[in-house]
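Undergrad: Below is one structure. I have some questions about it.
The values are calculated or read from the model by the stated rules, or taken from the named source; none is laboratory data. Note that the structure is a prediction, hence the values are computed from the model and not measured. Neighbour counts are summed over all protein chains in view; Cβ atoms, including those assigned to glycine, are modelled from backbone coordinates with ideal geometry. SASA here: full protein model, heavy atoms, side chains in, ligands and nucleic acids out. Shrake-Rupley method; radii C 1.70, N 1.55, O 1.52, S 1.80 Å.
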Amino acid sequence: MSSENETPEGAAGESHEQLALIRESVRKAKVPRAKPRTWRGAALARELPVARVVVNKGVLHLDQFFDYAVPEELDAVAQPGVRVRVRFGAGAHQVRDGRREGGRLIDGFLVERRAESDYKGALAALADVVSPEPVLSAELLGLARAVADRYAGSLADVLQLAVPPRSARAEGKASPEPLPPPAAPEAGSWSRYERGPGFLEALARGGAPRAVWNALPGPYWAEELARAVGATLASGRGALVVVPDGRAAGRVDAALAALLGPGRHALLTAETGPEKRYAQWLAVRRGSVRAVVGTRAAMFAPVRDLGLVAIWDDGDGSHSEPHAPQPHARDVLLLRAAHDRCAFLLGSTSCTVEAAQLVESGWAAPLVAGREQVRTAAPLVRTVGDELLARDEAARAARLPSLAWETVREGLKSGPVLVQVPRRGYVPRLACERCRTPARCRHCAGPLEAPEQQELRCGWCGRGAPDWHCVECGSTRLRAQIVGARRTAEELGRAFPAVPVRTSGRDHILDTVPGRPALVVSTPGAEPVAEGGYAAALLLDGWAMLGRPDLRAGEEALRRWIDAASLVRGQGEGGTVVVVAEPTLRPVQALVRWDPVGHAQRELAERAELGFPPVSRMAAVSGPPEAVVAFLGAAELPGDAEVLGPVPLPVVRPGGPRRPGDTPPGEQWERALVRVLPGNGSALAAALKKAQAARLARGGGEPVRVRVDPPDIG
């Protein structure tokens, strides 16, 4: 085993002698073959007897290639890109009495066959070739290396995300024969955009246009994505579309099948199951299928002759990978567009700050509709502020002012009405009815909630609190500080007893609802599509979305509102949206004007003044206080690096909700943000990776987490 960076003096001259000695020692040794996955006594391959391997060991200080000898019996199948098994670890190169000792079997990928090795010791041999199927191409390896470098991660971790687990049954099946390129589709609904037809024509001619697409509200976005894919296939190239969830993937899948027919695209989502998904992935790698639509993991799909990469709704948190090194699908597709020199399309009904920066920098062109088209397609948006609620005490208690009740009543005459509630559950937060003191658990001081109407329990430790009383005034009566989706559905059901009420949330998400009158109560992101569109929509508790202590709170609230409002009929069909939030706030005004692009541009200008991402590059370093300070002190940060903090992170109580990157239960962690100027992001990632690798190589010590480009920075 050797590092690819390790080149001792005289290595080139010693390599021939080393390999000759290896062959001679193997020829003379009489090694029993009782264990088929250990060192074999076979002769080495006559040509290119050295295999360069990346082992499946996602540790930073082992983020390098290792050399192994290729036995003659594995010569034919040990080709670049295949999965292999190797001995790795302490003692993997020790030979005693002709037997190879030490190390354990570990999976890896063979990336290259070489005539010589830079390592001057004895090489261990490949233990086995798992499958002759070459799953790791040079292009995919280069992309994985670029992603690992950008996010200060290891190549092995990225390859675990890029290459799905093997299914022998799927590998044994032949992939279908590739179909000839289809005819270029007509512009269709792309004609609604000022540069839409020209974008499709450029794709069909084999060009590589780059665009940020602000889609009009309505059901056409999946069809428009399908036409962009069809135009790319017509040029003889491949296309890749990444969407946030399985529901969106299903809509694009149906649109592609309707436009191009079966057999021209693959669907890569977790819902398809591991074997079927791997079979689809193999069909793409073998060139049988040239188009892919899928969720986050599809960003690494090995599409041949890639001509277009597209991402829909890049602001959705599902595009951010929770596993190391936590890449974002948008950034991975940007890397692919740059490396493969292919077309790039970023689409959404809203607009993120990152998308606005791509347009402002000139890297991508805006693809938008005229204001008349927007006014026709978008619903009428009306606001209800605190001053109106203050004049209507009954409305304040029910969270639905008179305007909202009237909108619901009128909407139910012609179709379903959507009600968006920011929080799931029945009553997520409670307080004393008399003195308004928050209701907390007597054991861990966690907030009490009411998941069901008759149940009271702690949101942190899960203990019940049947005999709760207020510690300030002694009252036993509670009131709701925050009302969840189920409680809202119950209240609306009592107000409109003759109308069916449906709920859609994390526990049960509806894909579609009929076009008949009904009330549909949903949490953000779980809104079902209504046949013919919703007649009206209520966006409740805007303060809960806008009041989050996060840099993206306004952007995220506007994105959630626009996603829900896009499901409502346009103004010409009488569609109305009522948002319960302070009307003077910037996100609310952007929703009323239906101007997400303008909102993103103003946010970008403010972040440029303050030096916040995406104008700057930033990394988060979190861990115990002493460990964070020691890590930053040892890191050789770029000269312009600015360290913000460290500051304490919220403590996650036992039994509380956990997310990747959260503080371990019972520990007090701190987080520091490291900021550099544009253009120095690679240097920052390299410095943090080097410091983390050195710390891990020493072993022991307290854990330190590093995340480049964190999605939330407070």
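Undergrad: Skipping prolines and chain starts, which residues have an amide H placed within reach, meaning under 5 Å, of the one on residue 644, given they are 5 or more residues away or on another chain?
TA: Here the answer is 673, 674, 675, since their amide H atoms fall under 5 Å of that of residue 644.
Undergrad: Just check the stretch 501-592 against the gyration tensor rule for me: Cα atoms, a ≥ b ≥ c as the square roots of the eigenvalues, rounded for a/c under 1.5, and otherwise prolate or oblate depending on whether a/b exceeds b/c.
TA: Judged from the Cα gyration tensor, the stretch 501-592 comes out oblate (a/c at least 1.5, b/c at or above a/b).
Undergrad: Quick check: at a probe of 1.4 Å, how many percent of the accessible area of the stretch 147-211 sits on carbon and sulfur atoms?
TA: Details: 1600 of 3240 Å².
On the stretch 147-211, the fraction of accessible area on carbon and sulfur atoms equals 49 percent.
Undergrad: Here's a follow-up. In whole percent, and with a 1.4 Å probe on the protein chains, what portion of the accessible area of the stretch 249-301 is carbon and sulfur?
TA: With neighbouring chains kept in place, the figure for the stretch 249-301 is 56 percent.
Undergrad: Please list, in order along the stretch 403-409, the HN-Hα scalar couplings obtained from phi with the Karplus expression 6.51 cos²θ - 1.76 cosθ + 1.60 (θ = phi - 60°), rounded to whole Hz, x for Gly and Pro.
TA: 4, 5, 4, 5, 5, 5, 4
Undergrad: Just name one of 318, 259, 233: the one whose Cα is farthest towards the positive end of the charge dipole of the stretch 190-323 (beta-carbon charges, Lys/Arg +1, Asp/Glu -1).
TA: Toward the positive end, the furthest listed residue is 233.
Undergrad: Another question, if that's okay. With every protein chain left in place, what is the accessible area of residue 545 in Å² (1.4 Å probe, nearest 10)?
TA: That residue has around 20 Å² of solvent-accessible surface.
Undergrad: I've got another one for you. Please list 57, 276 in order of solvent-accessible area, largest first, computed with a 1.4 Å probe with all protein chains present.
TA: Values: 57 60, 276 120 Å².
Of 57, 276, the descending order of accessible area is 276, 57.
Undergrad: Show the residues, 5+ positions off or on another chain, whose built amide H is closer than 5 Å to the amide H of residue 670.
TA: Here the answer is 623, 649, since their amide H atoms fall under 5 Å of that of residue 670.
Undergrad: What ³J(HN,Hα) values, in whole Hz, does the Karplus curve 6.51 cos²θ - 1.76 cosθ + 1.60 give for the stretch 306-314 when θ = phi - 60°, with x put for Gly and Pro?
TA: 4, x, 8, 10, 9, 9, 10, 6, 5
Undergrad: Sort 403-412, 462-471 by packing, meaning the average of other beta carbons within 10 Å per residue, with the highest value first.
TA: Values: 403-412: 18.8, 462-471: 13.6.
So the peptides 403-412, 462-471, ranked by packing, come out 403-412, 462-471.
Undergrad: Protein chains only, probe 1.4 Å: how do 504, 682 rank by accessible area, largest first? Numbers along the way, then the final one.
TA: Values: 504 5, 682 90 Å².
Heavy-atom accessible area, descending, gives 682, 504.
Undergrad: Separate question: Based on the mean of other Cβ atoms within 10 Å per residue, sort peptides 287-298, 334-345 so the most packed one is first. Don't skip to the end; give the middle numbers.
TA: Numbers: 287-298: 23.2, 334-345: 19.8.
Output ranking for 287-298, 334-345: 287-298, 334-345.
Undergrad: Quick one: which of 222-233, 555-566, 702-713 comes out on top by average Cβ neighbours within 10 Å, and what's the full order, highest first? Spell out each step's value before the answer.
TA: Details: 222-233: 26.2, 555-566: 24.2, 702-713: 18.5.
In decreasing order of mean packing, 222-233, 555-566, 702-713 become 222-233, 555-566, 702-713.
Undergrad: While we're here: Put +1 on the Cβ of every Lys and Arg and -1 on every Asp and Glu Cβ in the stretch 535-640; which of 561, 537, 613 then has its Cα farthest towards the positive end of the dipole?
TA: 537
Undergrad: Label-point separation (nm) for residue 115 and residue 582, each offset 7 Å from Cα along Cα-to-Cβ?
TA: Here the modelled spin labels are 7.3 nm apart.
Undergrad: Further, regarding this structure: Explain nothing, just compute: Karplus ³J(HN,Hα) = 6.51 cos²θ - 1.76 cosθ + 1.60, θ = phi - 60°, for every residue of the stretch 534-547 in order, whole Hz, x for Gly and Pro.
TA: Calculated HN-Hα couplings, in order: 6, 6, 7, 8, 10, 10, 8, 6, x, 4, 5, 8, 7, x Hz.
Undergrad: Using a Förster distance of 22 Å, how high is the FRET efficiency between residue 257 and residue 286, based on the Cβ-Cβ distance and rounded to 0.05?
TA: On the way: r = 21 Å, r/R0 = 0.95.
It comes out at approximately 0.60.
Undergrad: Taking amide hydrogens as modeled 1.01 Å from N in the peptide plane, which residues meet the under 5 Å criterion relative to residue 421, leaving out close sequence neighbours?
TA: 522, 523
Undergrad: If you don't mind, another one. Could you tell me what a quarter of the Cα convex hull surface of the stretch 107-178 works out to, in nm² with one decimal place? Don't skip to the end; give the middle numbers.
TA: Details: hull surface 29.1 nm².
Here the figure is 7.3 nm², rounded to one decimal.
Undergrad: For 543, 281, give me the order by solvent-accessible area with a 1.4 Å probe, most accessible first, ignoring ligands, DNA and RNA. Before the final figure, lay out the partial values.
TA: Details: 543 140, 281 10 Å².
The ordering from most to least exposed comes out as 543, 281.
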